[in-house]
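One structure is given below, encoded as structure tokens.
The values are calculated or read from the model by the stated rules, or taken from the named source; none is laboratory data. Small disclaimer: the values here were computed from a predicted structure and weren't measured. We place every Cβ from the backbone using ideal geometry, glycine too, and count neighbours over all the protein chains shown. Note: accessible area is taken over every heavy atom of the protein model, side chains too, but ligands, DNA and RNA are not part of it. Shrake-Rupley method; radii C 1.70, N 1.55, O 1.52, S 1.80 Å.
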Amino acid sequence: MTSTADTLRYQSGFGNEHATEAVPGALPQGRNSPQRAPFDLYPELISGTAFTAPRHENRRTWMYRRQPSVVAGRYQPYAQPLWTTGGDRETALAPEPMRWHPIPFEPGAETDFVDGMRTLAANGDADAQCGVGSLVYLATKSMDRRAFVNADGELLVVPQQGRLVITTELGVLDVKPGEIAVLPRGLAFKVAVPDGPSRGYVCENYGAQFRLPELGPIGSNGLANARDFLAPVAAYEDSNAPYELVKKFGGRFWRAPAKGTPFNVVAWHGNLTPVKYDTVNFMTIGSISFDHPDPSIFTVLTSPSDTPGTANCDFVIFPPRWLVMEDTFRPPWYHRNLMSEFMGLVYGEYDAKPGGFKPGGASLHNAMVPHGPDEEAFEKASTVDLKPQKLDNTLAFMFESRYRFIPTAFALNTAPLDTGYADCWAGLKDQFSKP
Ligand code: FE2
């Protein structure tokens, strides 16, 4: 890279047009593809939407690079059997709540961000461009001269342990737990793990790309603000030693040798960019009278489906916040929903499950599967003196989808499934006291 100080600068905004050059004068002015680009760089376009998508949804970026990305060797099959794609409808799945203890690092396993990816549950179909996968990564080593391209979906990365340094074709993102990153479909990247063993969650989104939700009566401020999303500035690797390219394409993995680095973009402009976002900048909104609103009030990003208001996937966070409601039960009440909920915990405690839900673990409440506060949370919330209370040092999140999540064989047979999960409600007795 040109220099650390330069490469870790950011540009603010989500879906905005950005223009950046690592070498002054490298970005053509007024033309996307001049007959000869400055410094004899190759222009190359990446389109994240169909050409004719509505203007407000249209995303594309022009890159000016030392070699076009078509320069690569032949692809050979590559084995990554634990990163599966879409839901396996043959799986017999009881309509029960499910929970996993923290997914452990595998003893002795040396895995990078790609090899250490494990699909826990998924739905939809990448070729049909609908649905999402919910994954965890267990990365113990950096991708040094290895780059990855996902043709099947964009990746929303939620680090839980360890910082990630994500080098992309468009520049470098430094992402720590509490922050998230969104990596566009088709953009090459590699991940370094400077803090050692690193774990986190990923939403692989096969559907419409994530965007900020509409705010309706909230108005023009609140929830996640566009200016807090940070795109990298242009940066390129000077060295030209060989690379291995790994590509996910149609649910299968492929590898090809490359003579040089894919991170050779000297300048770019466009609105299809990787971004990172720090959840401390999320402006929570909640009740200041009684009851609590639906969790949609915590939506950071949404991937819409073709039915208005019924998301392919919402990314929802439960960050530190004040609870001030009077004469009410503050945690989420017992419920069963049309939408399916995959939850993870980055740090701290989740207020509806103070004991059993641990950072690095996961829970799954599929469509119309009842769930809610465990016995301990119910007792406390029913009797507590309702003073203003700060929920602090906590960050839970949800990938919420209109499609049922189907756990993978890894999730059912290898990952630490909490087989006693449903017992957390067993002590809720019939306490009806007939007058
Ligand atoms: Fe729920």
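Summary table
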read-out	value
Subset of segment 252-263 [surrounded by 15 or more Cβ atoms within 10 Å (Cβ to Cβ) and either at positive phi or not in a strand (DSSP E or B) (or both)]	Gly260, Thr261, Pro262, Phe263
Hey, Val266 away from the ligand (no atom under 16 Å from the Cβ), open to solvent by less than 20 Å² (accessible area, probe 1.4 Å) and assigned to a strand (DSSP E or B) or not	yes
Residue check for Pro54: within 30 Å of Trp425 (Cα to Cα), out of contact with any Asp or Glu (no Cβ under 9 Å at 6 or more places or on another chain) and open to solvent by 50 Å² or more (accessible area, probe 1.4 Å)	no
Unique residue being under 27 Å from Arg163 (Cβ atoms), in a loop (DSSP other than H, G, I, E, B) and within 15 Å of the ligand (Cβ to nearest atom) when the list is Phe399, Phe357, Phe342	Phe357
Residues satisfying the stated conditions in segment 375-401, i.e. small (Gly, Ala, Ser) and farther than 30 Å from Ser134 by Cβ	Ser382
Checking Arg404 against (1) basic (Lys, Arg); (2) open to solvent by less than 70 Å² (accessible area, probe 1.4 Å); (3) within 16 Å of the ligand (Cβ to nearest atom), the condition it does not meet	(2)
Selected residue (only one of Ala411, Ala381 is away from the ligand (no atom under 13 Å from the Cβ), open to solvent by less than 10 Å² (accessible area, probe 1.4 Å) and among the hydrophobic types (A, V, I, L, M, F, W, C))	Ala411
Condition check for Ala192: in contact with a strand residue (DSSP E or B) (Cβ under 6 Å, 6 or more places away or on another chain) and free of Cβ contacts under 8 Å to residues at least 60 places away in the same chain	yes
Answer from Phe318, Phe378 - the residue that is modelled with pLDDT under 95 and of a type in the set (Phe, Trp, Tyr)	Phe378
